[in-house]
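Trainee: Encoded as structure tokens, here's the structure I'll be asking about.
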């Protein structure tokens, strides 16, 4: 229990239990947060942080345990009741109406009216006023569809404050922000805290925890395992608490290691003047040219939504480009089909394993041949024996748990799911690996393992194109760093010149140079 | 200062129970619970209906069972109806596995029956059985398959929604067949064609003599086996189910989603088309306008209650065939429309209520 707590806690959760099917997401989870503090809720992915917060915000009803807010027992309340009591949650995936303006979105659900009509002026004035007082800069009259991800997040926070939130819950808010935007967000949160509000921040990034929080609750495997004052602890201690054993901290072990020998001259992948239209944007990728050579990792940094997804999908063959060329080992593959590209030597770790990378209802064994199912045929039938043999080999090699390859992918944790994807794409006979957000939502131990596999592949002479929203990941892996902004490469530089300070301005579009 | 509240071994979210045993139990629960609950719900509604007609539920259910499973003729009729419903149920289930809702089984069934009859009329009278029957089966599958492939192709090429297209095609196909028979092929004063000259399939003999049950039931059972093997053992089945579950993941895996749609709809139509053989080759030995009589639509219910599983479809077909035949048996004491109400309740219960019921049972079990 952290000392120097003066008043009674604002939020007190005790003995919380919550199961989904046969999986227990929370068991004996507890949390205490006081007024005027920024509280970090940390834990590996699948530790039950989001579930606990959804119980607090009324989205889920706990199977057991009690929830008290401002001293009142509110166990099992609804989201409407939570909002009315001043508890608001900003989700990882925004819940905004894209066709409405910022003001309309903020007012939605508590619209000011004049007679029977919506009082748009008042809605706009309210939002502008709140934007000024909170420091969340937004243009109230713009439609949400025209906003960047960072701006949309500010609107979400504004909306929550507008509904009178005194307890603000933020779920992994920095995943979609550039470094300067993160600093801006910290400023806003500190302002809210100093005004007496309570902020609960779900995160798995220790640097953020140390920087912004006052107190920390650590969760592991659904339980609350530690409760610490930030001033009294170290990142190493938090990490040990999260994982339950001694771990090499990302900052210490996971540093950039240059390849033993330089890349060969002849490129594996050449991309020339590529233009891709997708998701309603005619030039999501707006004329990009680059090469990736054997034995090097080209890392693309940048805030998400600047064309990285479309670029990778075009190279993988999932979207046909509007113009430009994609050349693999000297052969033009711009028009060829996904499977043909795979057979020609492209491996692809997709950014969204739940949507693309895995069939959640298929077994681990079946998922371990996804995309290569045509290589596991015996006549028309699938060669179940080889699929099973392959599965037990990969499960062992990548330490996938639980080890039963007959389980559906859905039953595994995020980290183990991602290991399936990585194992499968590494077992191809590939020349080029497209690694999009390869460690997203993966726990600390698995991150290390996946990073090591990528470096090994590079040292074995593979060409790797890495896309990551985590600047640290790009800096830990890439031999050359590009920053993508508004569909273009804002800059490409050797690893030696790159750092967070150098890349930051390119990521926000404040700076760009012809690449 | 930090205080460790709890010491736990590092583990992913824990699953309750042993994996293999609980997986099997879960699968059985998944497969059996919904239909059983649905049938129980239907029985309660049935009781109330029967009481409202002033009859005793026990007596009416006994009558229903005696008229279906209680005597050879009735059971033969049940088997006959099961045959058609199995094939239309398989057709709908296979399409649903690919994520497509085939409402067109009715038209595909009629087209299949018509093509089988047409070939049976064209073949010379002396064509050996061993040649004529397979040819007629192929004709039926082709007839239904072509009608099914059209919505598949339109969806793959233009994104036309298969529900709309299959509904429209039902009208077009049924009207076209009606015109062909009425204007060109009918026996005067009737709406059916002359007897086919080749390709007839024998009725089941022995105790079933007199009922419509015939050897086409083996085609239906073989089709169920083949669909099971296709879906769960072949590479194309792997691709097809992937498209149905997560089209984006299938696309990532190099599956041509449009191609799977076309193939699935063609095979679905072919299965429904084969259902037409039951009436044409096995029962009447001619094509009659309107013979499908809703069996294509009932296939949707069969697939739903059978949980899109070929084995489940066979049992669901047997159940719906029993209800349908039973309706005739109880007609003397209550309106036979009552069984249609019961069918509706079963479908509704499976579609809506059952997942809720199951969730309720689960939470109860854990709290107890």
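The values are calculated or read from the model by the stated rules, or taken from the named source; none is laboratory data. Keep in mind that what you see is a predicted model, and the values were worked out from it rather than measured. Cβ atoms come from the backbone with ideal geometry, glycine included; neighbour counts cover every protein chain shown.
Trainee: Against the definition (buried (at least 20 other Cβ atoms within 10 Å of the Cβ), at pLDDT 90 or above, touching a strand residue (DSSP E or B) at 6+ places or on another chain (Cβ under 9 Å) and part of a helix (DSSP H, G or I)), how does residue A:189 come out, yes or no?
Mentor: Taking the combined requirement at face value, the residue satisfies it.
Trainee: Of the numbered conditions (1) at pLDDT 90 or above; (2) part of a helix (DSSP H, G or I), residue B:39 fails exactly one; give the number of that condition.
Mentor: Residue B:39 satisfies all of (1) at pLDDT 90 or above; (2) part of a helix (DSSP H, G or I) except (1).
Trainee: If a residue must be surrounded by fewer than 18 Cβ atoms within 10 Å (Cβ to Cβ) and modelled with pLDDT under 85, how many such residues does segment B:341-368 contain?
Mentor: Counting residues in segment B:341-368 that are surrounded by fewer than 18 Cβ atoms within 10 Å (Cβ to Cβ) and modelled with pLDDT under 85 gives 18.
Trainee: Can residue A:252 be described as part of a helix (DSSP H, G or I), surrounded by fewer than 14 Cβ atoms within 10 Å (Cβ to Cβ), out of contact with any helix residue (DSSP H, G or I) (no Cβ under 8 Å at 6 or more places or on another chain) and at pLDDT below 95?
Mentor: For residue A:252, the condition - part of a helix (DSSP H, G or I), surrounded by fewer than 14 Cβ atoms within 10 Å (Cβ to Cβ), out of contact with any helix residue (DSSP H, G or I) (no Cβ under 8 Å at 6 or more places or on another chain) and at pLDDT below 95 - is met.
Trainee: Residue under question is residue B:143, and the condition is that it be touching a helix residue (DSSP H, G or I) at 6+ places or on another chain (Cβ under 6 Å) and farther than 24 Å from residue B:120 by Cβ; does it hold?
Mentor: no
Trainee: Still on this structure: Among the numbered conditions (1) part of a helix (DSSP H, G or I); (2) crowded, with 21+ Cβ neighbours inside 10 Å; (3) in contact (Cβ under 8 Å) with a residue 40 or more places away in the chain, tell me where residue A:450 comes up short.
Mentor: Result: residue A:450 fails condition (3) only.
Trainee: Just one of the numbered conditions (1) crowded, with 24+ Cβ neighbours inside 10 Å; (2) facing another protein chain (nearest Cβ under 7 Å); (3) in contact (Cβ under 8 Å) with a residue 12 or more places away in the chain is not true of residue B:272; which one?
Mentor: (2)
Trainee: Which members of segment A:406-424 meet the condition of being crowded, with 16+ Cβ neighbours inside 10 Å, within 19 Å of residue A:384 (Cβ to Cβ) and within 11 Å of chain B (Cβ to nearest Cβ)?
Mentor: Result: A:407, A:408, A:409, A:424.
Trainee: Hey, another quick one. Inside segment A:73-96, can you point out the residues that are surrounded by 15 or more Cβ atoms within 10 Å (Cβ to Cβ), touching a strand residue (DSSP E or B) at 6+ places or on another chain (Cβ under 7 Å) and outside any loop (DSSP other than H, G, I, E, B)?
Mentor: Correct list: A:87, A:88, A:89, A:90.
Trainee: If you don't mind, there's one more thing I want to ask. May I ask you to verify whether residue B:93 is modelled with pLDDT under 90 and away from chain A (no Cβ under 14 Å)?
Mentor: Values: modelled with pLDDT under 90: no; away from chain A (no Cβ under 14 Å): yes.
No, not satisfied.
Residues are listed down the side, and each one gets a yes or a no for (1) farther than 27 Å from residue A:412 by Cα; (2) modelled with pLDDT under 90:
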residue	(1), (2)
A:4	yes, yes
A:29	no, no
A:43	no, yes
A:57	no, no
A:70	yes, no
A:77	yes, no
A:81	yes, no
A:97	yes, yes
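Trainee: Test of understanding: among A:328, A:320, which residue is farther than 24 Å from residue A:473 by Cβ and within 14 Å of chain B (Cβ to nearest Cβ)?
Mentor: Going through A:328, A:320 in turn, the sole match is A:320.
Trainee: Any idea which residue in segment A:367-383 is surrounded by the fewest Cβ atoms within 10 Å (Cβ to Cβ), counting only those that are within 7 Å of chain B (Cβ to nearest Cβ) and not in a strand (DSSP E or B)?
Mentor: A:380
Trainee: Let me ask something else. Quick check: anything in segment A:298-309 under 26 Å from residue A:372 (Cβ atoms) and surrounded by fewer than 22 Cβ atoms within 10 Å (Cβ to Cβ)?
Mentor: no
Trainee: Further question: Test of understanding: among A:201, A:168, which residue is under 28 Å from residue A:236 (Cβ atoms) and assigned by TED's automatic domain parsing to the domain that holds residue A:240?
Mentor: Only one candidate qualifies: A:201.
Trainee: Find the residue count for segment B:278-337, including only residues that are within 19 Å of the chain's Cα centre (by Cα) and within 15 Å of residue B:140 (Cβ to Cβ).
Mentor: Going through segment B:278-337 one residue at a time, the tally reaches 8.
Trainee: Here is a further query. Can you pull out every residue in segment A:134-180 that is assigned to a loop (DSSP other than H, G, I, E, B), at pLDDT 85 or above and more than 30 Å from residue A:467 (Cβ to Cβ)?
Mentor: Those that are assigned to a loop (DSSP other than H, G, I, E, B), at pLDDT 85 or above and more than 30 Å from residue A:467 (Cβ to Cβ): A:140, A:141, A:163, A:164, A:165, A:166.
Trainee: Tell me yes or no: at least one residue of segment A:390-401 is outside any loop (DSSP other than H, G, I, E, B) and under 25 Å from residue A:475 (Cβ atoms).
Mentor: no
Trainee: If you take the residues of segment A:425-442 that are outside any loop (DSSP other than H, G, I, E, B) and within 14 Å of another protein chain (Cβ to nearest Cβ), which of them is nearest to residue A:374 (Cα to Cα)?
Mentor: Going residue by residue through segment A:425-442, those that are outside any loop (DSSP other than H, G, I, E, B) are A:425-426, A:432-436.
Those still in the list that are within 14 Å of another protein chain (Cβ to nearest Cβ) too: A:425, A:434, A:436.
On the way: A:425: 15, A:434: 21, A:436: 24 Å.
Among them, the one singled out is A:425.
Trainee: Which of the following residues is surrounded by 16 or more Cβ atoms within 10 Å (Cβ to Cβ), assigned to a strand (DSSP E or B) and over 24 Å from the mean Cα position of the chain (by Cα): A:276, A:271, A:285, A:218?
Mentor: Answer to the check: A:271.
Trainee: A follow-up question, please. Which residues, taken from segment B:207-228, are at pLDDT below 95 and in a helix (DSSP H, G or I)?
Mentor: Answer for segment B:207-228, where residues must be at pLDDT below 95 and in a helix (DSSP H, G or I): B:207, B:208.
Trainee: Give the residue, chosen from B:231, B:204, that is in contact with a strand residue (DSSP E or B) (Cβ under 9 Å, 6 or more places away or on another chain) and either within 14 Å of chain A (Cβ to nearest Cβ) or modelled with pLDDT under 95 (or both).
Mentor: Testing whether each residue is in contact with a strand residue (DSSP E or B) (Cβ under 9 Å, 6 or more places away or on another chain) and either within 14 Å of chain A (Cβ to nearest Cβ) or modelled with pLDDT under 95 (or both) leaves just B:204.
Trainee: Now for a different question. Out of all the residues in segment A:342-363, which are in contact with a strand residue (DSSP E or B) (Cβ under 8 Å, 6 or more places away or on another chain) and either crowded, with 21+ Cβ neighbours inside 10 Å or not assigned by TED's automatic domain parsing to the domain that holds residue A:425 (or both)?
Mentor: A:342, A:346, A:347, A:348, A:349, A:350, A:351, A:357, A:362, listed by residue number.
Trainee: Would you confirm whether or not segment A:331-341 contains a residue that is within 12 Å of chain B (Cβ to nearest Cβ), under 15 Å from residue A:465 (Cβ atoms) and in contact (Cβ under 8 Å) with a residue 12 or more places away in the chain?
Mentor: yes
Trainee: Okay, next question. Whether any residue in segment A:223-231 is within 14 Å of chain B (Cβ to nearest Cβ) and more than 28 Å from residue A:25 (Cβ to Cβ) is what I want to check.
Mentor: Taking every residue of segment A:223-231 in turn, at least one turns out to be within 14 Å of chain B (Cβ to nearest Cβ) and more than 28 Å from residue A:25 (Cβ to Cβ).
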